[in-house]
Amino acid sequence: MSISCDFCANYIYDEEDDEYYCDVNLDEDEFLRFMDSDYKECPYYRNGDEYAVVRHQM
């Protein structure tokens, strides 16, 4: 199952450029490791659903 960036909390809309981008802060080594690997799912995915924790506690 592939995770869509559309639902990720790191996927931010930039009003100036009128587009979305991934706002994960990677250093140079992490970026190269991320670009060279063949991830099937993004390791930096963070659920953007604010109520997921609340539903889990119920």
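With respect to being assigned to a loop (DSSP other than H, G, I, E, B) and either at pLDDT below 85 or small (Gly, Ala, Ser) (or both), MET1 fits the description. Within the stretch 26-38, the set of residues being surrounded by 10 or more Cβ atoms within 10 Å (Cβ to Cβ) and in a loop (DSSP other than H, G, I, E, B) comprises just one member, LEU26. Within the stretch 1-25, residues that are open to solvent by 100 Å² or more (accessible area, probe 1.4 Å) and among the aromatic types (Phe, Trp, Tyr) reach partners that are assigned to a loop (DSSP other than H, G, I, E, B) and modelled with pLDDT under 85 with beta carbons closer than 7 Å, at six or more positions or on different chains, in the pairs PHE7/GLY48.
The values are calculated or read from the model by the stated rules, or taken from the named source; none is laboratory data. These figures come from a predicted structure and were not determined experimentally. Here the Cβ is made from the backbone with ideal geometry for all residues, glycine too, and neighbour counts use every protein chain on show. With ligands, DNA and RNA removed, areas are computed over all heavy atoms of the protein, side chains included. Shrake-Rupley method; radii C 1.70, N 1.55, O 1.52, S 1.80 Å.
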